[in-house]
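Accompanying notes for the structure given below.
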Amino acid sequence: MKIAISGKGGVGKTTFAANFAQWLSNKEISVLAVDADPDASLGTILGISDDVLANLKPIVDMKQLIEERMGGSGTYYPLNPNVDDILDDYSISLGALRFFRMGNIKGGGTSCYCKENSFLQALVNSLILGEKDTVILDMGAGIEQLTRGTALGVDVLVIVTEPSKVSIQTVKVIQQLALELGIPRVLVVGNKVRNSKDENFLRDHFPKEQLIGIIPYSDELLEMSLNTGNIELPGGSLGVELNTIYQKILDEGR
């Protein structure tokens, strides 16, 4: 199963992705957690130490590796480079869970990043179309890494939102992109909900079959985003709510 998770920066999507990946691995499901957002901290929340992460550059920034796979520094390069062994060589194992830092598509400025982006697209193809494990893609605010072909390999796109107009607008943009790419199932999860007013705000903007869960504001989840040790899933009513949401995503992807 391939699950992409997106949402505006600051809504808590990376903590959500980390919890979901750990929840799956606790069920003895082999999981590949992919940090595809250069501004995120998925590895940290998963409990990977700072010194290990410091030595793990995003794949898209590994110039020598990209040059080797793309045929050197010439003008012409393969559109489908061989990347099948990249995951084995550059992922970190955490029991039933593996972590991989991919990086994001490059753009802007005066430099041409055609090779880097072609290489990254090949990685996305490999992850979504070839990887046998359950894949959790922490994708940031957009889904630019996905083309129409790879998007069809995504089983579920989950968009995390907080109860604000700006966050809702981001959801709408991502939903439109997902529609254009043909992603079959697009779900929304409300996060950082403090009261009934916040909850009603979200329910007014999304139909109930699309809004699959509401996560209340939690100091426990906030602290988890700063965690540097082994991740522990929340308990109590919060844990029950998260369990329900994760199970719904799993059921949707089957």
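Each reported figure results from applying straightforward, stated rules to the coordinates on display, with no laboratory input. If you're wondering where the values come from, they're calculated on a predicted model, not measured in any experiment. Positions of Cβ are backbone-derived with ideal geometry, glycine not excepted, and every protein chain shown enters the neighbour counts.
Numbers below:
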read-out: Relative contact order [Cα under 8 Å, 6+ residues apart], region 151-233, whole percent; value: 30 percent
read-out: Amide hydrogen neighbours beyond the local backbone of residue 159, cut-off 5 Å, H modeled; value: 6, 187, 188, 189
read-out: Net charge, residue 33 excluded, C-beta distance under 11 Å - Lys, Arg +1, Asp, Glu -1; value: -1
read-out: When each of 8/248; 57/208; 8/197; 2/197; 57/197; 172/248 is checked by Cα-Cα distance, pairs over 31 Å; value: 57/208; 2/197; 57/197
read-out: Net charge over other residues, Cβ less than 15 angstrom from the Cβ of residue 196 (K, R count +1; D, E count -1); value: +1
read-out: Separation of alpha-carbon centers, region 172-245 and region 138-165, rounded to whole Å; value: 14 Å
